[in-house]
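Asker: Once you've had a glance at the structure underneath, I'll fire off some questions.
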Amino acid sequence: MVSVQWTIVTYFLYIEMVIVFLLCLPISAHGLKSVMESFVIIELRKVGKLVFYSFIAVLIILFGDAVRVTFLSKESAAGTLDNELSTSKDLYKAERNCFISGFSLFLSNAGDQSTC
């Protein structure tokens, strides 16, 4: 079962991918200006930076946790077949979590650089 923290990270990754896709769409300068000057966007900017950097800090912690679990799973001793299957399952989950959080960090860094 996937834990709540990794479900949130996965949804954050999906949101980032949608935002990157929307940024790739051709939008006229007038249309973009009217969207950016809307009341909702102005209010989101006030809180957005704090939320963004807080979530980046959480992603860094989760990425470190995923790397730690990956190394722990690789070091576990081989034993019975059930023990090896359990270790392989844990290693798969740890590597998956590492890739998800790493790619989310990569996209967030790219998004942060594009807004400068």
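Asker: With +1 on each Lys and Arg Cβ and -1 on each Asp and Glu Cβ, and nothing else charged, work out how big the dipole of the chain is about its Cα centre, in Debye to the nearest 20.
Answerer: Computed charge dipole of the chain: roughly 320 debye.
Asker: Any chance you could count the Lys pairs in the chain whose alpha carbons are under 29 Å apart, treating pairs 8 or more apart or on different chains as valid?
Answerer: Working: 33/46; 33/49; 74/89; 74/93.
Final tally of qualifying lysine pairs is 4.
Asker: State, as an integer percentage, the relative contact order of the chain based on alpha-carbon contacts under 8 Å between residues 6 or more apart.
Answerer: 41 percent
Asker: Right, something else. Rounded to the nearest angstrom and ordered from largest down, what semi-axes does the equivalent ellipsoid of the stretch 10-114 get from its C-alpha gyration tensor (root of 5λ)?
Answerer: Equivalent ellipsoid of the stretch 10-114: 40, 14, 9 Å, largest first.
Asker: OK, next. If each DSSP helix of 4+ residues adds -39,500 (n - 2.57) and the sum is divided by the residues in the chain, what number results at 222 nm, nearest 500 deg cm²/dmol? Walk me through the numbers before you get to the answer.
Answerer: On the way: 4 runs with 100 residues, N = 116.
My calculation for the chain gives -30500 deg cm²/dmol from helical runs alone.
Asker: Next question. Within the chain, which DSSP H helices have Cα atoms that stretch 24 Å or more along the helix axis and a mean Kyte-Doolittle hydropathy of at least -0.5?
Answerer: Helix filter hits for the chain: 4-24, 39-75, 81-114.
Asker: While we're here: Please go through the stretch 32-105 and write out the GluC sites (Glu not before Pro) that DSSP classes as loop and that have at most 14 other C-beta atoms within 10 Å.
Answerer: 37
Asker: With a 1.4 Å probe and all protein chains in place, put 90, 82 in order of accessible area, largest first.
Answerer: Reading off the accessible areas and sorting them downward yields 82, 90.
Asker: Take the solvent-accessible surface of the protein heavy atoms, probe 1.4 Å, and return the percent of it on the chain that carbon and sulfur atoms account for.
Answerer: Working: 6270 of 8660 Å².
On the chain, the fraction of accessible area on carbon and sulfur atoms equals 72 percent.
Asker: Pick from 81, 22, 13: which residue has the top mean-square fluctuation in a GNM of the chain where Cα pairs under 10 Å get a spring?
Answerer: Maximum among the listed residues: 81.
Asker: Considering the chain as a Gaussian network with a 10 Å cut-off on Cα pairs, which listed residue, 20, 47, 67, attains the greatest mean-square fluctuation?
Answerer: Result for the chain, Cα springs under 10 Å: 47 fluctuates most.
The values are calculated or read from the model by the stated rules, or taken from the named source; none is laboratory data. These numbers come from a predicted model, not from an experiment. Please note: Cβ atoms are built from the backbone with ideal geometry, for glycine as well, and neighbour counts cover all protein chains shown. These area figures cover heavy atoms from the full protein model, side chains too; ligands, DNA and RNA do not enter into them. Shrake-Rupley method; radii C 1.70, N 1.55, O 1.52, S 1.80 Å.
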